[in-house]
Amino acid sequence: MPRTKEYNKAAFLAAATELFWQKGYDGTSMNDLVKHSGLNRHSMYNEFGDKERLFLSCIDYYVIEDSKEVIRILKQEPVGLKNIEDFIHNRVQYALSNDCQGCLLVNTVTEKEIVSDKINNKVFSILKNQENLIHLCLKAAQEKGEISKKNDCKTLAIYLSCFFRGLMNMGKGAQDKTSFNKLAEIAISAIKG
């Protein structure tokens, strides 16, 4: 008779994702994961195989659970400048919060020399998809006359992706976050150009 799973996979992934998010891929050991999640090492290896595959599962979990609000904002119809403004304000509010841990994906980019190509490829693909959503919003805004026709929307999408990544890093450790709202105003002003 097969043994039934005695753990909640979503709860385990939430705990493991949180730990990777706090400590990074390299800073998180399998012992840490066992202690933090309550799942024993044998079950963890049976379910996920190794640390890399577990981390890849955590990235999937993160995108589904923690990034869904950002994706919803960028896809909200009708697509245009409001999506971009709401995206920027949402990310600024998160960066201002005491709970800001940055972004798991952006944090992982800073470990790109440590993690595998498989992890890097997955993270960069997700970030590129987000950049593409931003680009679609900018193109729609440009077609509606909400931003200048002289602006290159592809370059603006890269600019906003860089702004987002920097903001997430600053939100983690900045002593003084008073300028964050002003930075949002500058970013919005720059894309309207």
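The values are calculated or read from the model by the stated rules, or taken from the named source; none is laboratory data. This one's a predicted model, so the numbers in the text were calculated from it and none came from an experiment. For neighbour counting, all protein chains shown are included, and Cβ atoms are generated from backbone atoms with ideal geometry for every residue, glycine included.
What the table shows:
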| read-out | value |
| --- | --- |
| Options Thr17, Thr28; residue that is under 14 Å from the mean Cα position of the chain (by Cα) and under 17 Å from Val115 (Cα atoms) | Thr17 |
| Segment 67-93: number of residues that are over 22 Å from Leu183 (Cβ atoms), without any contact (Cβ under 8 Å) to a residue 60 or more places away in the chain and either surrounded by 14 or more Cβ atoms within 10 Å (Cβ to Cβ) or touching a Ser or Thr at 6+ places or on another chain (Cβ under 6 Å) (or both) | 1 |
| All positions within segment 139-163 that are out of contact with any Asp or Glu (no Cβ under 9 Å at 6 or more places or on another chain), of a type in the set (A, V, I, L, M, F, W, C) and surrounded by 17 or more Cβ atoms within 10 Å (Cβ to Cβ) | Ala141, Ile147, Cys153, Leu156, Phe163 |
| Residue match in segment 59-81 (condition: touching a Leu at 6+ places or on another chain (Cβ under 7 Å) and over 17 Å from Asn129 (Cα atoms)) | no |
| Every pair of residues 6+ apart whose Cβ atoms lie under 6 Å, when the first sits in segment 149-160 and is over 12 Å from Asn132 (Cα atoms) while the second is surrounded by fewer than 17 Cβ atoms within 10 Å (Cβ to Cβ) | Asn151/Gly193 |
| Members of segment 25-36 found to be outside any loop (DSSP other than H, G, I, E, B) and either modelled with pLDDT of 95 or more or farther than 20 Å from Asp99 by Cβ (or both), listed by number | Tyr25, Asp26, Gly27, Met30, Asn31, Asp32, Leu33, Val34, Lys35 |
| Hey, Leu167 touching a helix residue (DSSP H, G or I) at 6+ places or on another chain (Cβ under 6 Å), touching a residue at least 12 places away in the same chain (Cβ under 8 Å) and either farther than 23 Å from Phe20 by Cβ or not assigned by TED's automatic domain parsing to the domain that holds Lys82 (or both) or not | no |
| Selected residue (only one of Val79, Val106, Val70 is aliphatic (A, V, I, L, M) and at pLDDT 95 or above) | Val79 |
| Test set (1) in contact with a helix residue (DSSP H, G or I) (Cβ under 8 Å, 6 or more places away or on another chain); (2) modelled with pLDDT of 95 or more; (3) in a helix (DSSP H, G or I) - Met44 fails condition number | (2) |
| Count of segment 123-141 residues which are farther than 19 Å from Arg91 by Cβ and touching a helix residue (DSSP H, G or I) at 6+ places or on another chain (Cβ under 6 Å) | 1 |
| Residues satisfying the stated conditions in segment 30-62, i.e. in contact (Cβ under 8 Å) with a residue 12 or more places away in the chain and either in the same structural domain as Leu104 (by TED's automatic domain parsing) or of a type in the set (Ser, Thr, Tyr) (or both) | Ser37, Ser43, Ser57, Tyr61, Tyr62 |
